[in-house]
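Nothing in this text is a laboratory measurement; each read-out follows from the coordinates by a stated rule. Just so it is clear, the model here is predicted, and its values are computed rather than measured.
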């Protein structure tokens, strides 16, 4: 499950990598690049920018995990 009806190539790759690595029961990848217009990495803030994402992952392997578990998510998607 993803948010939005169409995704750009970066969001698509992030979703594919997270699905393969975590086998989530729920996955939502939301492009929030428009909220970071003018920041480093997104100076133009164009509508097709893919620089900042919010990711919601529900997976059995996170049961009982602390919020610090997000580093694992960042490691999986680090090249994107």
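Quick notes
- Rg followed by Dmax, in Å, when the range 9-76 is reduced to its Cα trace: 13.4, 40
- Extension reserve of the residue 60-residue 48 stretch, reckoned as 0.36 nm per residue once the Cα distance is removed: 1.0 nm
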